[in-house]
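The values are calculated or read from the model by the stated rules, or taken from the named source; none is laboratory data. Fair warning: this is a prediction, and the values are worked out from it, not measured in the lab. Positions of Cβ are backbone-derived with ideal geometry, glycine not excepted, and every protein chain shown enters the neighbour counts. Areas reflect the complete protein model, heavy atoms only, side chains present, ligands, DNA and RNA absent. Shrake-Rupley method; radii C 1.70, N 1.55, O 1.52, S 1.80 Å.
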Amino acid sequence: MTAFPEISKIHYEGPDSKNPLAFRFYNPEEIIEGKSMAEHLKFSCAFWHTICADGSDPFGLGTMFRPWDMEKIGMEKAINRVNVFFEFCEKLQIPYYCFHDRDIAPEGETLAEFQANLDEVTKVFKEQQQRTGIKLLWGTANMFSNPRYMHGAATSCHADSFAFAAAQVKKALEITKELGGTGYTFWGGREGYQCLWNTDMKREIDHLAAFMHMAVDYAKEIGFTGQFYFEPKPKEPTKHQYDFDCAACINFLRAYGLQDHVKMNIETNHATLAGHTVEHELDYAGMQGMLGSVDANTGDLLLGWDTDQFPTDIYLTTKMMLYILKHGGFTTGGLNFDAKVRRESFEPNDLFYAHIGGMDAFAKGLKIAAAIRKSGEWEQMIAQRYHSWDSGIGAEIEAGKHNLKTLANYALEKGNIAPLSSGHQELFENVINRYMFTD
Ligand code: XUL
Ligand code: CO
């Protein structure tokens, strides 16, 4: 049985191809900076969007009636979806995937039933992984959809919600380990508040830290060696999410002694909702050795919510790859398409166009970023801007040889400041454009 009978494996055909079901830039074996494109980009498909999303939004019902779901319910539907998903990833040459527990198995009536369903479906994932060689990038637990998490999970005012969330994470860690997952993600879900009047923020954040420590401890106990990630998002569904941005998350991790266990999973649209650019977030996490993985999507700058669109903007992907390469590239992490087709794009083919577009945009971005790095021109321009720190008083300050008194003496003796140099912002922008557009 095939879910996509009219679509065969998607191949690289080169930039001149007009075939909508071919890659123009993503050539998995092509070597860039000594590594294949596939190894650099480590694409991952999100089970929740690609196979579960039905196009419903707060104003309307689902628009996507997937032929493979027809007349199937419960576990039969869940298992069939796994098979369809692997066919999809295989055809697109996507080497990794991510899931939430609730995406892959029905919750049933009780937690015990949910866990039994997860065990059954995990076997199918394992078989499909073995058949295809596709791997699990990270797993996670959905602790925000069920009404028991209306006040949050780890940060709920109800201790029982915390306990149920703990049970979910325990199981999600077990199946992530069983599937050889290279990571486990915490995204806040409803860990935040709608109203500070009714919120004990300190108590909630203490609980979140205690919860994450329990996960780290349990991972050690069962021998799960994957990387933990924390995924920042400033708002939605709550008006204030505690994992607001990289700065807030890294501060939280350090304050509670979690920094050696957890890195950032940075999502493009979440960064823009926080009033940042994604490259800001990548550079900020990277400079502290905390850049773990990326949820690759894009928002719409005219909209203030999480639209989770597929990234097709080559400027965006070039900037992302530039900062990812700058910080050494991915180790455990990858580019997970936490992105969904628009509800009007309801045909199964749209899922292919969307992923092909995203993969090509990142492949082209990688190539441009590598060209910028190869010439060294951009780095030299930045180095030149800071050259006053390479010798003389700058180098002495950096070496810790000065204090306010010695610097005051230096300034008084000098009498006036050395001539400053221009920031050349427009020149920087023009130089980057030269690499973006070569003919
Ligand atoms: C929500 C979001 C999640 C996380 C995993 O905005 O990005 O899908 O990536 O829970
Ligand atoms: Co995400």
* Asked: How large is ³J(HN,Hα), in whole Hz, for each residue of segment 5-15 in order, when computed from phi with the Karplus curve 6.51 cos²θ - 1.76 cosθ + 1.60 and θ = phi - 60°, using x for Gly and Pro?
  -> x, 8, 10, 9, 4, 7, 10, 6, 10, x, x
* **Restraint check, K77/K177; K35/K135; K77/K340; K235/K340; K35/K220, Cα-Cα greater than 22 Å** => K77/K177; K35/K220
* **Rounded to whole Å, sorted largest first: equivalent-ellipsoid semi-axes of segment 173-228, Cα gyration tensor** => 29, 12, 7
* Sequence of L325, L303 when ordered by accessible area, the most exposed leading, probe 1.4 angstrom -> L303, L325
* With a 1.4 Å probe and all protein chains in place, put C195, C249 in order of accessible area, largest first. => C195, C249
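With all protein chains present, how much of the accessible area of segment 1-70 (probe radius 1.4 Å) comes from carbon and sulfur, to the nearest whole percent?
About 58 percent, which is the carbon plus sulfur part of the accessible surface.
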* Please work out the average accessible area per residue across the chain, using the 1.4 Å probe convention, and give it in Å². => 49 Å²
* Structure fact -> Cα-based Rg then Dmax for segment 125-194, in Å, read 14.2, 46
* Excluding residues on the same chain fewer than 8 positions from K401, give the lysines whose Cα lies under 26 Å from its Cα. => K414
* Virtual spin-label span in nm between E6 and L179, 7 Å along Cα→Cβ -> 3.0 nm
* Structure fact -> Computed for the chain: size of charge dipole around the Cα centre, +1 on C-beta of each Lys and Arg, -1 on C-beta of each Asp and Glu, debye to nearest 20, value 640 debye
* Cα-based helix-to-principal-axis angle, 201-222 vs the chain, degrees rounded to 10 -> 70 degrees
* How much of the accessible area of segment 75-226, in percent, comes from carbon and sulfur atoms when a 1.4 Å probe is used? -> 53 percent
* Asked: Using r as the Cβ-Cβ distance of Q384 and L412, and R0 as 45 Å, what FRET efficiency do you calculate, to the nearest 0.05?
  -> 0.95
* What span do the alpha-carbon atoms of the chain cover on each of the three principal axes, reported in whole Å from largest to smallest? -> 83, 58, 43
* Provide the FRET efficiency to the nearest 0.05 for the Y353-E377 pair, computing r from the beta carbons and using R0 = 35 Å. => 0.50
* Asked: Top to bottom by accessible area (1.4 Å), largest first, where do L21, L137, L301 land?
  -> L301, L21, L137
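Over the chain, what is the relative contact order in whole percent, taking alpha-carbon pairs under 8 Å and six or more residues apart?
In percent, rounded to a whole number, it is 15.
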* **Descending semi-axes in Å of segment 262-421, equivalent ellipsoid built from Cα gyration tensor** => 42, 17, 14
* Say the dipole of segment 1-44 comes from +1 at the beta carbon of Lys and Arg and -1 at that of Asp and Glu; which of G14, F43, Y26 then lies farthest toward its positive end? -> F43
* Measure nothing but the geometry: give the 0 to 90° angle between the long axis through the Cα atoms of 348-375 and the longest principal axis through the Cα atoms of the chain, rounded to 10°. => 20 degrees
* Asked: How large is ³J(HN,Hα), in whole Hz, for each residue of segment 157-165 in order, when computed from phi with the Karplus curve 6.51 cos²θ - 1.76 cosθ + 1.60 and θ = phi - 60°, using x for Gly and Pro?
  -> 6, 9, 4, 5, 4, 4, 5, 5, 5
* When the chain is fully extended, how far beyond the present Cα-Cα distance does E426 get from H402, taking 0.36 nm per residue of separation? -> 5.2 nm
* Asked: At a probe size of 1.4 Å, how large is the accessible area of S56, to the nearest 10 Å²?
  -> 70 Å²
* Give the long-range amide H neighbours of G192: residues separated by 5 or more places, or on another chain, with amide H under 5 Å away, using H modelled in the peptide plane at 1.01 Å from N. => Y242
* Which three semi-axes in whole Å describe the equivalent ellipsoid of segment 228-330, each the square root of 5 times a Cα gyration tensor eigenvalue, listed largest first? -> 21, 18, 9
* **Average silhouette area of segment 51-99, convex hull of alpha-carbon atoms, in square nanometres** => 4.3 nm²
* Structure fact -> For Y410, the accessible surface traced by a 1.4 Å probe with all protein chains present amounts, in square angstrom to the nearest 10, to 90 Å²
* From the phi of every residue in segment 17-31, what ³J(HN,Hα) in whole Hz does the Karplus formula 6.51 cos²θ - 1.76 cosθ + 1.60 yield, where θ is phi - 60° and glycine or proline is x? -> 5, 10, 6, x, 10, 9, 8, 9, 10, 7, 10, x, 8, 4, 8
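Run the accessible area of segment 285-416 with a 1.4 Å probe and give the carbon-and-sulfur part as a rounded percent.
Numbers: 3690 of 6730 Å².
Carbon and sulfur together cover 55 percent of it.
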* Asked: Ignoring ligands and nucleic acids, what accessible area does I397 show with a 1.4 Å probe (Å², nearest 10)?
  -> 70 Å²
* Asked: How about K18: which lysines have a C-alpha closer than 22 Å to its C-alpha, ignoring those fewer than 8 places off in the same chain?
  -> K9, K91, K364, K367
* Tell me, in nm to one decimal, what length is gained between K77 and R131 on full extension, where the rule is 0.36 nm per residue of separation less the Cα-Cα distance? -> 17.4 nm
* Once the Cα atoms of helix 246-255 and of the chain are each reduced to a long axis, what angle between those two axes, in degrees from 0 to 90 to the nearest 10, is obtained? -> 90 degrees
* Asked: Quick one: what Rg and Dmax do you get for segment 1-48 from the alpha carbons, in Å?
  -> 13.3, 40
* Asked: Where does segment 45-191 land on the Kirkwood hydrodynamic radius, alpha-carbon pairs, in angstrom?
  -> 15.9 Å
* Between segment 53-118 and segment 195-268, what's the alpha-carbon centroid distance in Å? -> 27 Å
* Just in segment 23-106: which GluC sites (Glu not before Pro) are loop by DSSP and have at most 10 other Cβ atoms within 10 Å? -> E29, E71
